[in-house]
Structure formats: structure tokens, C-alpha cells
1. Report the full-extension gain for the segment ASP23 to SER45: residue separation times 0.36 nm, less the Cα-Cα distance, to one decimal in nm.
2. For a Förster distance of 41 Å, can you work out the FRET efficiency between the beta-carbons of THR2 and VAL113, rounded to the nearest 0.05?
3. Could you order peptides 78-89, 124-135, 32-43 by the average number of other Cβ atoms within 10 Å of their residues, highest first?
4. What does the extension gain come out to for TYR87 and ASP63, with contour length at 0.36 nm per residue minus their alpha carbon separation?
5. Can you give me the pair-distance distribution of region 16-138, C-alpha pairs, 10 Å bins, whole percents?
6. Given Cβ point charges of +1 (Lys, Arg) and -1 (Asp, Glu) and nothing else, what value in debye, to the nearest 20, does the dipole of region 29-109 about its Cα centre take?
Amino acid sequence: MTTFSQRKGLKPVKQVIQVDDMDADLRNSLWNAMDLFYWQQFAASSHGYGWKAPNLVIKLWRDYFKLPIDTMNDGWYPIRDALRKYYFGCRWNEVYDFVEFIANSENSQINRVFMESCNSILEREVSGYRFAGGEITQITSEAEVSEIEQALDSTLKPVAAHLPTALGLLSDRKCPDLQELYERVHQRCRGNLQIGRFQSEGNAGRCFERDWFERQGRVARCLEKRV
């Protein structure tokens, strides 16, 4: 949503997609999302005697920073200050590394809502990236994210099993495996239409076939654009 000043032409509207950098508005907004979903909860539980570091903080220290756990401070606020210093001093791509790691720290509803919130921020700040299937990937359109997310929820697992790999390659247009991956997914889409036929009968089955095949076909075309 544009502001009054932007609609009046008194302030510029963001038009350049952020692909190889990140402005302060985007960096600050992603930090605020982490503060809302995680940091504030950690702060609320830090009062009183015997504070215990949340699992996410331990995972950050151990698996993201790869630091000895016994070097972690005993209180939340010094830990938050250390995270803040890192976050606002790191490169733009490391911000995405950090946010993606946090979003995948646990398979929880909070993490899923957090990714949705991040996608709203990324869209608002004209970023060239979105969360799709738990990974931050470069996109060409919002429809790409929607189609991939729907395909990952597919009840026909043979196709869905290939799509996380596809997400990891979508951002790399020069990846030598992309052509092979496209062909694999495309063949699975066609082959598993037969599975859909055997799993369904009558008019309901035909509706299922048409809807499912169209969905998978759109995902294959998303990959085809990148080949």
C-alpha cells in the first residue's frame, strides 16, 4: 500500500526489485518480524531465577554460528544484543541465511505464520525473493510461489518429493542440473496422472484429474521458464 505522500508524488515509490542488495527498510522490517514472533517471547520468559535458553537460541549458537555452547551468555538480553550486532552488520545474503534458518528451526505453526509475515514484508519492500516450501528463493512472480506451495501439499507424493530439490535450484539459472530436474518433474507429472485415475472414480475422479494435472503442469512450466 502506498502512502499519501507517495500517491501525491512527494516521496518516491519503490520500483527497483531488490535482488543483489537489501535496503534499511527491508532489513529493519525482517528484524521486527523476528522480534514480534520470537524475541519478545524469549524476553517474557527471561524474568526470574534460573532462565533457560530456548531451543532456537541454542540451535543458532550451535548450528548457525557454530560456536561452543558454553560461550553463550546466561541471560537473554546479552544474547539478543549479540544477535542484533551480527544481524545489522552482516551482508544482505546473510540476512536471508539467518531468517531462513530461524524459520526452519522447528516445524510449528508459529514458523509458518512467520514465513507468511516475511513474505508480506518481502512483497511490500519489493524484494526479488519469497519463502516457498520453507526456502527463500528468487521469483519472477507471486504465482510461482503459490503454485509451488500448492504442489508441495499434493497428496501424490512422487511428484512432491522432487519439488524441494527444485526450490533449491530455482535461484540458479545457470545450474547444470536444472534441465534434468525439469524433465524429471515433468515426467512425474504425466506419469502420476495415471495414479490419480486409479485413485478416483466417476465425475469426482475426472474433476480430481483435471485440477491436479493442471496444478502440476503449472509448476512444470515455472521450472521450464528457468531452463
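1. Numbers: separation 22, 0.36 × 22 = 7.92 nm, distance 3.23 nm.
Gain on extension, ASP23 to SER45, equals 4.7 nm.
2. Working: r = 26 Å, r/R0 = 0.62.
Efficiency, from the Cβ-Cβ distance: 0.95.
3. Working: 78-89: 14.3, 124-135: 19.6, 32-43: 16.0.
Top of the packing list down: 124-135, 32-43, 78-89.
4. On the way: separation 24, 0.36 × 24 = 8.64 nm, distance 1.61 nm.
The span from TYR87 to ASP63 would gain 7.0 nm if fully extended.
5. Taking every Cα pair in region 16-138, the percentages come to 12, 45, 33, 9, 1.
6. Numbers: 8 positive and 9 negative charges, 23 e Å.
For region 29-109, the charge dipole is close to 100 debye.
We did not get these values from a lab; they are worked out from the coordinates using the rules stated. Everything quoted here is computed from the prediction, not taken from an experiment. As a convention, Cβ positions derive from the backbone with ideal geometry for all residues, glycine included, and neighbour counts pool all protein chains shown.
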